[in-house]
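One structure is given below, encoded as structure tokens.
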Amino acid sequence: MLAYGIITGAERACMPVLFKQISLDLNLSIVNLGTIWGLDPLAGIFVGLPGGLLVDRLGIKRTMVVVCFLAGIFSALRGFSTNFATMAGSTFLFGMMAAMAPAIVPKTTTVWFKKEQLGLTNSLIFIASSVFAMAATLTSATVLSPWLGGWQNVLFLLGAPAILLSLIWWITARDPDKRDREIGATVQVPFREALSVVMRNKEVWVLALITFLVWASWMGLSGYLPLYLRNIGWKPIQADSAVTAVNGAVLAGSIPMVLAAGRFGYKKMLFISVAGSVLGMGLMPVVHGGAIWVLLIVSSFLRSGASALTNVLIFEAPGIGGKYAGTAMGLVRSVGMGGAFFSPPVGNSFADAGAAMPFLFWAGLALLSLPMFILLRKSKNAAEIKAGF
């Protein structure tokens, strides 16, 4: 939870609320900012799958030590940026580590928890990310930046916890004992075997395409929302609070959505989650004032469990389980990061036609994913998993 919260939560989520200050200091346009925000997930295209292969082959502890350490270093490196090129390069390096975390951290749940607990444990991981993201969006621009003397020092400060966590993983984390090693999730799998099994799995590829479209819409929204609210006249503290409210709604809905999935099925609840996102983004151009708050909170609550639900569906895919979980999640996230890369700059470019137009583009992308759910098998609920059906 700490690893996921620090790397994918605080260190990543601090950027959108700092974009206004960064753009003024480095003379960046709105498309420049969208490109920089998209370079973070672009890195995931190259390292998501290798990261999954590595954790399946080398184990969780050794992989997490390296990922946490480099995440802290590369996160702080963004603070040394002096122009578009250096900010883009350092963001890409950080994105490599931030993209590896989703392929590695959830695998811990398959090692130390029972199948019927996977939904809840994965939701707790994403709750940690939301908590840290809330703290970062609420304080980075309005509290930490004035206190520390600029956005650069905020990035330096936020890089330190990941480095410390790397040492904690190295000193205190334990590998599974001999009894645990009998579980398939802890078997060290050869690269060729893991890649062969995962690449031939139709269910994994369908989930990857859904993730491509959904992450494209969410990444565009998260990077553009603070700028949009400022540009329509909201004060900085109001805009940052709205972003924090989005993360808070995601936090509040994470466990209820997963518990509901345990009753009604993970596939059905993931469909509802994505459909809520489509509705929320599609209505943004026509709502104003307090209605924006309501729309953001409701749609964010509905999408809150999506990442945890997707993880469980990956674990449930035929022939995957815990044994090939890292590689399968790496593939899904590599494909998903492709969508998250192209979406921000392309979506931001629609702002020339109207400040709210990018939301329609991102809503359309998420809408395209809904028919793909027909290709997924009916998922088990928690009771069926526990019973071994």
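Given the Cα-Cα distance of residue 373 and residue 114 and 0.36 nm per residue of separation, how much length would full extension add, in nm?
Numbers: separation 259, 0.36 × 259 = 93.24 nm, distance 2.62 nm.
Full-extension gain reported as 90.6 nm.
Here the chain is assigned +1 on the Cβ of each Lys and Arg and -1 on the Cβ of each Asp and Glu. Its dipole about the Cα centre then comes out at about 900 debye.
Considering all alpha-carbon pairs of segment 1-68, what whole percent are spaced by more than 15 angstrom?
Counting pairs separated by more than 15 Å, the tail of P(r) holds 65 percent.
Just so you know, the averaged projected area of the alpha carbon convex hull for segment 181-293 sits at 10.4 nm². Entry note, the chain: relative contact order of 30 percent, from Cα contacts under 8 Å with a spacing of 6+ residues.
Over all pairs of different C-alpha atoms, segment 1-152 has a mean inverse distance whose reciprocal, the Kirkwood radius, equals 16.1 Å.
Starting from the coordinates of the alpha-carbon atoms of the chain, obtain the Kirkwood hydrodynamic radius over all distinct pairs and give the value in Å to one decimal.
20.7
Using packing as a proxy for protection, rank 297-303, 12-18, 350-356 so that the peptide with the highest average count of other Cβ atoms within 10 Å comes first.
So the peptides 297-303, 12-18, 350-356, ranked by packing, come out 12-18, 297-303, 350-356.
Axis angle, to the nearest 10 degrees, between helix 60-77 and the longest C-alpha principal axis of the chain: 10 degrees.
Looking at this model, which pairs from 115/267; 202/267; 107/268 are more than 21 angstrom apart at the alpha-carbon? Violating the 21 Å Cα-Cα cut-off are 107/268.
None of the figures in this text is laboratory data; all of them are computed from the coordinates on show. None of the values given here were measured: they were computed from a predicted structure. Please note: Cβ atoms are built from the backbone with ideal geometry, for glycine as well, and neighbour counts cover all protein chains shown.
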